[in-house]
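Remarks on the structure that follows.
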Amino acid sequence: MKRNKLFLFLAIALLSFAAKANVTLPSFFSDNMVLQRNADVKLWGWGSPFEDIVITTGWDKKEYKLKPNREAYWELTVKTPGAGGPYTINFKGYNEITLKNVMLGEVWLCSGQSNMEWSANMKINNAEAEIAKANFPNIRFFTAPKLASTEPQMNLPGSWEVCTPETMRHFSAVGYYYARHLQEDLKDVPIGMINSSWGGSPAEPWIPAQYVNNDPVLKKAASDLYKADWSPSDPGHIYNAMIHPFVGYRLAGVLWYQGESNVGSHVYDKTLAGLIKGWRSEWKTDLPFYFVQIAPYNYEGSTDLGAVIRDAQRRVVNALEKTGMVVVSDIATVDDIHPRNKKDVGIRLANLALNDTYGIKKGVVNGPLYKSFTSDKNKLTVSFSNAEGLRFKGKASTLFEVAGEDATWHRAEAKIDKGAIVLTSKNVKKPVKARYAWSNTAQADLFNSAGLPASTFTTE
């Protein structure tokens, strides 16, 4: 009798445990979400190790059966067809969850600091008119809240939202304009934008801690960071809570707008490259990574702090495959660290992606980028990529400088010659190095035929 009672007690306990151990999903598997089209897409979640779970995908009505492991975790890879929807995805265990209005399309993660976080509600150019017309049911938003953690997290609060005037006004303006322009050329393919940004944040807390701690240069840069009151600065602390939960969610690529909070660093090229490599390693794929060069601004301290960061960003494009950079010095003011023209930023990023990721020819999508130089007697000739139709904004450029062996910089006279820039200075008999737009507030005065501005650079 006692033995039967024990079995009965255990059976009731087991059933009670099972009833409480319902299928649970990360927050970003929700109604209105976008999954990457034409891809192997991973779904995952939690449930009781004793639980039989059946997942049914609405686009093909296929059933998948699985059981969570002893850690209560399960994952499943499913194939998605071309763009379309709305679909449902059904999860049935002890409980039942049906995700509705699921679309298949292109999914992009946008991240960085305040210029990526900046929304129409924070005041952008023509804000109210842009908000009023933001009815795009095939554009979806997910916004990650500001969170930090010392350890990698598996989930975070949030849910997908359809693009309406009310949801658009609070979403990343750069991300919204990017999605709009991308969708125009992709013929209304659904676009999912995940915004995970934190105003005032340096790059180091966005990088997985192990990548910082295993690199002496990055570790030293992280230790030298100013400890601000408005953002974490310890390596990995933002990554753990705001990026790691998404690892495994199939992406088309990443948009990044950050760098202002790293002004003062002389190794930002290593830092940004470390972030890109770290995220790619976590996702186990070479994600396309497109970023915005920081805009001119009158930083306190040295007059070239911003120029150093802009040049570091330029160097990353040359160093890493599947990266691209847009220059925005021509559409920014020098007295506001948050330029209000976010539309052209989003469009320039979208043109990069359309051209380089989607193979839709958009003509020249990059401004002139420094390539090489030659020195001959009193002349120094600079060559550029994307140099078709080089022109100055006015009659001449005032932003080029040259230096001789004494390393003293002097303003140079610049002339366009067959797609290159020839520099001379009456103060430098034999120039051996050159630089362009080398100040915090320099706004480009060299453009190509596409009307895109040249990047800050130094030949050093």
> Extension gain Asn214-Asp335, at 0.36 nm per residue separation less the Cα-Cα distance, in nm?
Replying inline: 39.7 nm
> Of Trp46, Ser281, Gly58, which is farthest on the positive side of the dipole of the chain, counting Cα position, with +1 on Lys and Arg Cβ, -1 on Asp and Glu Cβ, and the Cα centre as origin?
Replying inline: Gly58
>> Place a point 7 Å from the Cα of Asp31 along the Cα-to-Cβ direction; which residues of segment 73-104 have their backbone N under 15 Å from it?
In response: 86-90, 97-103
> Can you list the lysines whose alpha carbon sits under 22 Å from that of Lys361, skipping same-chain ones fewer than 8 residues off?
Replying inline: Lys187, Lys322, Lys343
> Among all the aspartates and glutamates, which ones have a C-alpha under 15 Å from Lys429's C-alpha, if same-chain residues fewer than 8 places away are not counted?
Replying inline: Asp376, Glu401, Glu405, Asp406, Glu413
> What FRET efficiency do you get for Asp224 and Thr303 if R0 is 22 Å and r is their Cβ-Cβ distance, rounded to the nearest 0.05?
Replying inline: 0.60
>> Given a Förster distance of 41 Å, report the FRET efficiency between Met154 and Glu128 from their Cβ-Cβ distance, rounded to the nearest 0.05.
In response: 0.55
> Under 14 Å from the 7 Å Cα→Cβ point of Lys362, by amide nitrogen: which residues of segment 185-215?
Replying inline: 185-187
>> Taking each pair of distinct Cα atoms in segment 18-103 once, what is the resulting Kirkwood hydrodynamic radius in Å?
In response: 13.0 Å
> Between segment 169-220 and segment 387-460, what's the alpha-carbon centroid distance in Å?
Replying inline: 32 Å
>> At 0.36 nm per residue, and after removing the present C-alpha to C-alpha distance, how many nm does the segment from Lys92 to Lys415 gain when stretched out fully?
In response: 109.3 nm
> Residues of segment 94-120 with amide nitrogen under 19 Å from the 7 Å Cα-to-Cβ point of Lys65?
Replying inline: 94-97
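Send over the Kirkwood Rh of segment 369-458, from the inverse of the averaged 1/r over different Cα pairs, rounded to one decimal Å.
One decimal place: 12.9 Å for the Kirkwood radius.
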> Can you tell which of Ala412, Met168, Ala350 lies farthest toward the positive end of the dipole of the chain, using +1 and -1 charges on the Cβ of basic and acidic side chains (Lys, Arg; Asp, Glu)?
Replying inline: Ala350
> Could you work out the helix-only [θ] at 222 nm for the chain, with each DSSP H run of four or more residues adding -39,500 (n - 2.57) and the total divided by the number of residues, to the nearest 500 deg cm²/dmol?
Replying inline: -7000 deg cm²/dmol
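Since every read-out is calculated from the coordinates, none of them should be taken as a lab result. As the structure is a computational prediction, the values presented were derived from the model and not from experiment. Neighbour counts run over all protein chains shown; Cβ positions are idealised from the backbone, glycine included.
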